[in-house]
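Quick notes on the structure that follows.
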Amino acid sequence: MAQATLGAATSERTLLLAEACRRGPRWCFRAVGQGYDHGRETLVRGYGVDVE
């Protein structure tokens, strides 16, 4: 088991808490804890996702 403590958000509207990905047959999990001042649309556009 793993544990991560996040500080209190200040001006952030969107928080990215963790990432899960697959590398070959194994799944990976990474705690991120990063905040964004803009909404979800800006976050997902940064990952190359189109938002309508």
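General observations
- Per residue of the chain, the DSSP helices (runs of n ≥ 4 H) give a summed -39500 (n - 2.57) that works out to -3500 deg cm²/dmol at 222 nm.
- Dipole size of the chain about its Cα centre, with +1 on Lys/Arg Cβ and -1 on Asp/Glu Cβ: approximately 360 debye, rounded to the nearest 20.
- Accessible-area composition of the chain, carbon plus sulfur, in percent [1.4 Å probe]: 51 percent
- Per-residue SASA entry for residue 41, accessible area with 1.4 Å probe, Å² rounded to 10: 90 Å²
- With every protein chain in place and a 1.4 angstrom probe, the accessible-area ranking of 50, 37, largest first, reads 50, 37.
- Tail fraction, Cα-Cα pairs, the chain, threshold 16 Å, whole percent: 54 percent
The values are calculated or read from the model by the stated rules, or taken from the named source; none is laboratory data. Bear in mind that the values here come from a model prediction, so they are computed numbers and not experimental data. Counting neighbours? That spans all protein chains shown, and the Cβs are built from the backbone with ideal geometry, glycine included. Accessible surface areas use protein heavy atoms only, side chains included; no ligands, DNA or RNA. Shrake-Rupley method; radii C 1.70, N 1.55, O 1.52, S 1.80 Å.
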